[in-house]
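The values are calculated or read from the model by the stated rules, or taken from the named source; none is laboratory data. Since the model is a prediction, treat every value here as computed from it, not as a measurement. Every residue, glycine as well, gets a Cβ built from its backbone with ideal geometry; the counts of neighbours run over all protein chains shown.
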Amino acid sequence: MSESLSAVRFIIASFFLLLLSSRALSVETEMSAEQVLSRLSQSMREQNYQGVVTYEHGGRLETMQATHLVLDGVEFESYSHLNGPERQHARMGRLVSCQTLGGQLLSGGKFAAGSAIARFHDHYQFYVKGYDRVAGRKVVVMQILPKDNFRYGISLGVDVESGVLLKYLVMQPNRALERIQFVAFELNPTFSPDEIASITANANGLQPCAEPEPQAQVPEALSEWMPSWAPPGFVHVSSKRTEQDGIVHTYTDGLASYSVFINSEVVASDDESARIPQGAAQRGATLVVMSLQASGEKVVHVAVVGEVPQVTAAQVLKSVSLTKTATN
């Protein structure tokens, strides 16, 4: 009888412990999406860390050693591929005081604070899902779900202690397109003088601290061919001409982005048009769609490249045409 009573007491005690822990978790998860993103954006620029990162896409797995160092107010990043051909990348980043809407994923620049996050709510739904563990560390999991079919969903795993992004997942409704996550992570590691010298010596130049215009103006010389459609929330942020790619127009909604490449040089003659790349290809979340666009006797090769679904890229591609200014 005493054993049965002890068992009942154990079950009741376990139930109350579970109840208390679930209540504590519900309180803990009340951190808002804005707070998570704001802290992430700051922490990714200001914290020192290193670790091993895996990048999964299209059935492939790449592994890299990642290092982030802040020295005298300037960011330095270093990435070394641990499988496949030996490759190393190093970058001297922006000043830590910079605030940008763009930037690379692992720099935290995509997740800006304040008015930018408020604008995201027009096209994404943000909510804190709960907690998980990544690389042996507790992370808060946040879902960023699109309100239409023109962009992908994103899941973030943000380190509770440091605010550093440890897991990034790009999703379609039924599958993951790409996953970047730390499998080993060290916060505030001790770098030897030789390691610091290696990271800083191999880095590229310092990026200027500049605020991008929310809606850039297209120079007239680059506006001959333009897309007439962009998904709701996407704005034009830059236009440039390069010798290799021709004219490049770039658009972003603050999280996702795509570029439209327009090149007339590759269309030299009708005989060569069959060899010009056309169609679609995808690597992880990055999609490329290509075709020839014609207006009268003028023909250009158009490619849309970006982290957007095919329905978006195809509609952008179809909308590229000769502008009225060019036809006058």
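A few comments on the model shown:
- Check on Ile199, of a type in the set (A, V, I, L, M, F, W, C), at pLDDT 70 or above and assigned to a strand (DSSP E or B): no
- Among residues of region 227-239 that are free of Cβ contacts under 8 Å to residues at least 40 places away in the same chain, those with a Cβ under 6 angstrom from a residue that is in a loop (DSSP other than H, G, I, E, B) and of a type in the set (S, T, N, Q), sequence gap 6+ or separate chain, pair up as Val235/Gln215.
- Region 42-83, residues that are part of a loop (DSSP other than H, G, I, E, B) and touching an Asp or Glu at 6+ places or on another chain (Cβ under 7 Å): Asn83
- Positions within region 252-266 being surrounded by 20 or more Cβ atoms within 10 Å (Cβ to Cβ) and within 14 Å of the chain's Cα centre (by Cα), in sequence order: Thr252, Asp253, Gly254, Leu255, Ala256, Tyr258
- Scanning region 273-327 for residues that are at pLDDT 95 or above and assigned to a loop (DSSP other than H, G, I, E, B) gives Val308, Pro309.
- The listed residue being acidic (Asp, Glu) and surrounded by 17 or more Cβ atoms within 10 Å (Cβ to Cβ), out of Glu86, Glu75, Glu62: Glu75
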